[in-house]
Amino acid sequence: MEARFHVRIESWHDPPVTRLSSDVELATAEWVDWYNHRRLHGEIGHVPPVECEANYYTELTKPQVITTI
């Protein structure tokens, strides 16, 4: 943690970098893609959120077996 803090402090002293809005949009889209498709979420069994959602909807569409006595 200390190393990251040190790097972050040094980066504040660097001259500001002008970024195009398209660069920011691309970086944001890449992060959202990672967050939704590749990140392993511990609260849902260490699977990506997209996989968990797909499993959920697969279970919903399975036919229910009802037995009568």
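The values are calculated or read from the model by the stated rules, or taken from the named source; none is laboratory data. Computed from a predicted structure; not experimentally measured. Glycine gets a Cβ as well: all are built from the backbone with ideal geometry, and neighbour counts include every protein chain shown.
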| field | Which numbered condition Asn36 fails, given (1) surrounded by 10 or more Cβ atoms within 10 Å (Cβ to Cβ); (2) modelled with pLDDT of 90 or more | value | (2)
| note | When (1) surrounded by fewer than 10 Cβ atoms within 10 Å (Cβ to Cβ); (2) at pLDDT 75 or above; (3) assigned to a helix (DSSP H, G or I) are applied to Phe5, the one that fails is (2)
